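Undergrad: Take a look at the following structure, please.
The values are calculated or read from the model by the stated rules, or taken from the named source; none is laboratory data. These numbers come from a predicted model, not from an experiment. Virtual Cβ from ideal backbone geometry, glycine too; neighbours counted across all protein chains shown. In case anyone asks, the SASA skips ligands and DNA or RNA and just uses the protein heavy atoms, side chains included. Shrake-Rupley method; radii C 1.70, N 1.55, O 1.52, S 1.80 Å.
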Amino acid sequence: MTERRRVGIAGCGFIGRKRAGALGRDTLAGCFDVDPDAAVAQAERHESRACLSLEALLEQEFDVLVVAVPHDRLADLAVQGLQAGVAVLVEKPAALGVAEIDRIADAARAAGRLVRVGCQHRFYPGVARTAKIVRSGRFGDVMSLRARYGHGGRIGYHREWRMDPARSGGGEHVDQGMHLIDLVHWLMGPLPLHSPLLRTNYGDAAVEDNAALLLGEPGLADAAWAMLHASWTEWKNLFSLEVYCRSGKVAVDGLAKSYGSQALRVYAMRPELGPPDVEETTFPAQDVSWREEWRVT
């Protein structure tokens, strides 16, 4: 994009603040939150306008609406934005189910506007480099992928909206697990669900705090597959992505900040096998994923 865009943000919590801080040369035209103080604080930080309702926000003149609210409100607000004639970036998982996703897609087609689901993990530098290596064919076809993602929660986490299935649609599978599913789809294409394992091991919650998934076509011994584990009981924050190709492996560890600086390791197998040749790259500790995703939005 060469023209500066005007952006509206619905939802001024943690993710809404991230989005506002990643707009680059674009400008925040207005913001709305059910907590008026949060909207006012965000507007003051970015010399913008705080709105008392989504309707008031949509009366402002802007080009893109960012929807960063709890999951049960994502689809409704995205549809309202599209019907108002603006493009929409709606945060993952975009809705509580397929029917709501279809409603967003129908609204986008009817309005002739674009909609995008925010999945910024593709834009961490090590992950983006992994995709380039995998798609280059340097190591042949992808055979399998293994990914782990988790954190240990925080005081009061069990009282947050994520623990209410009516609002969240699920627990850690929908929270961090959704990023892993997106990366599988991006790197390997769509894989069917082979088997899920959902567990609530810690505390009294109505949603799972651990989710393990096997993805892959059952009955095909040589088909590509993936193994994913997302956890709210990972006591040391962790992100790990390993892609196994015919003649090499690409591994990413860490993200930024509390997950540690991101490191990319490329393991090139030798013709005689044995220990591989290893290339290692470590990236700066700051999180550039939000900015990089916005740059191509």
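Undergrad: Working only within the range 202-239, note down all residues that are more than 21 Å from Pro192 (Cβ to Cβ), in contact with a His (Cβ under 9 Å, 6 or more places away or on another chain) and among the small types (Gly, Ala, Ser).
TA: Selection gives Gly203, Ala205, Ser231.
Undergrad: Would you tally the residues in the range 3-42 being within 19 Å of Leu82 (Cα to Cα) and open to solvent by 70 Å² or more (accessible area, probe 1.4 Å)?
TA: So the answer is 1.
Undergrad: If I ask for residues that are of a type in the set (A, V, I, L, M) and either at pLDDT below 95 or over 30 Å from Glu279 (Cα atoms) (or both), which ones from the range 135-185 would you list?
TA: Ile155, Met163, Ala166, Val174 - these are the residues of the range 135-185 that are of a type in the set (A, V, I, L, M) and either at pLDDT below 95 or over 30 Å from Glu279 (Cα atoms) (or both).
Undergrad: Being within 20 Å of Ala212 (Cβ to Cβ), in a helix (DSSP H, G or I), under 21 Å from the mean Cα position of the chain (by Cα) and of a type in the set (Lys, Arg) narrows it down to one residue among Arg167, Arg162, Arg146; which is it?
TA: The unique qualifying residue is Arg162.
Undergrad: Is there any pair linking a residue in the range 3-20 that is closer than 14 Å to Thr297 by Cβ to one that is open to solvent by 10 Å² or more (accessible area, probe 1.4 Å) and of a type in the set (Lys, Arg), with Cβ under 6 Å and at least six apart or on different chains, and which?
TA: Arg4/Arg25
Undergrad: Among all residue pairs at least 6 apart or on different chains, which show Cβ distances below 6 Å where the first residue, located in the range 268-287, is at pLDDT 95 or above and the second is surrounded by fewer than 10 Cβ atoms within 10 Å (Cβ to Cβ) and part of a loop (DSSP other than H, G, I, E, B)?
TA: Pairs found: none.
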